[in-house]
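S.K.: Would you mind keeping the following structure in view while I ask a few things?
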Amino acid sequence: MARGQGPTVRRRRLASELRRLREAADLTIDEVGEKLECSASKVSRIETGHVGVTPRDARDMLALYGITGDEQEALVQLAREARKRGWWHAYNEVFTGTFVGLEADASSLRAFQALLVPGLLQTERYAHAVIRALRPDAEDAAIRRRVAARMARQELLSDSPPVEYWAVVDEAVLHRVVDGPEVMAEQLYRMVADAEKPNVTVQVVPFGAGAHPGMEGPFLIMGFPEQADPDVVYVDDSTSSGLYLEEPLDVRRYALMFDHLRAAALKPDDSVDLIAEAAGRFAEQAAVPGSAHTTWNRRNSKEVGK
């Protein structure tokens, strides 16, 4: 499926268009609910993209707004396409919000993490340890299911076309020992290998950079190929489903934060060298194969990261 053509983005696009057309018709949400004999809250949830809209409801709303003919049919067809199920529905007990659908449709992802390796770059063992730490009361089967879902998300980096992924992490990520040095060595070598991909850029903000905008917490900026689909900022929050920001001022603020983080970070090549050095130290501590390589040779990064 082409970028920007998935059901989540189509639902978001339709919701925005229905809101615009209602406002152009000079109707309030309450008036629409009254005329269509439905609750105002239903209309509101449709316009915010929190719930889908059936083709029949879309047709009724459009007729009320004076939209007929080819324009109406095009939007009703958009409602049909927005109801299709994405691959992530197989993990509906894990993915409860719209995040993964938006991520799957994005053409660019700009991520910042201060404490953990970003999810799209995590190894299976690292992901398992992180999810276990965040959900200490969860059953083993539920943990395994979440890990499998996270591994499935990573196919974004090798899709055709692949998403353009730019990750900035704090240097603390390279030092926080998650599940022991062997897991950390494997994880950091994996980051080095991923950074070799043409669509992936990884940078590290060193401790020496001091205070920086990312200290507020992790976030992800999702960009889409169509102008009709503005960028979305997802602010991570492990205690809830996260916060989505779509207002232009909010998006610009986070885009500026990310630009400042990139400027404060080491250059991509220097970042990869720093990650590789940390991986080598963990490898020596774990006495795993390859521990004799105290200096990482980037020519071998793809082989070690496999």
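The values are calculated or read from the model by the stated rules, or taken from the named source; none is laboratory data. All figures in this text were calculated on a predicted structure; none of them were measured in a lab. Quick reminder, even Gly has a Cβ in these numbers, built from the backbone with ideal geometry, and neighbours come from all protein chains shown. We work out accessible area using only protein heavy atoms, side chains counted, and drop any ligands, DNA or RNA first. Shrake-Rupley method; radii C 1.70, N 1.55, O 1.52, S 1.80 Å.
S.K.: Under 6 Å by Cβ, and 6 or more places apart or on different chains, what pairs join a residue from the stretch 159-173 that is under 8 Å from residue 112 (Cα atoms) with one that is open to solvent by 30 Å² or more (accessible area, probe 1.4 Å)?
M.R.: Matching pairs, first to second residue: 169/113.
S.K.: In the stretch 167-188, how many residues are part of a helix (DSSP H, G or I) and open to solvent by less than 20 Å² (accessible area, probe 1.4 Å)?
M.R.: Residues that pass the stated criteria total 7.
S.K.: Hey, among 120, 156, which residue is open to solvent by less than 20 Å² (accessible area, probe 1.4 Å), part of a helix (DSSP H, G or I), at pLDDT below 90 and not hydroxyl-bearing (Ser, Thr, Tyr)?
M.R.: So the residue among 120, 156 that is open to solvent by less than 20 Å² (accessible area, probe 1.4 Å), part of a helix (DSSP H, G or I), at pLDDT below 90 and not hydroxyl-bearing (Ser, Thr, Tyr) is 156.
S.K.: While we're here: Kindly check whether there is at least one residue in the stretch 6-19 that is closer than 22 Å to residue 222 by Cβ, assigned to a loop (DSSP other than H, G, I, E, B) and in contact with a helix residue (DSSP H, G or I) (Cβ under 7 Å, 6 or more places away or on another chain).
M.R.: Yes, that holds for at least one residue.
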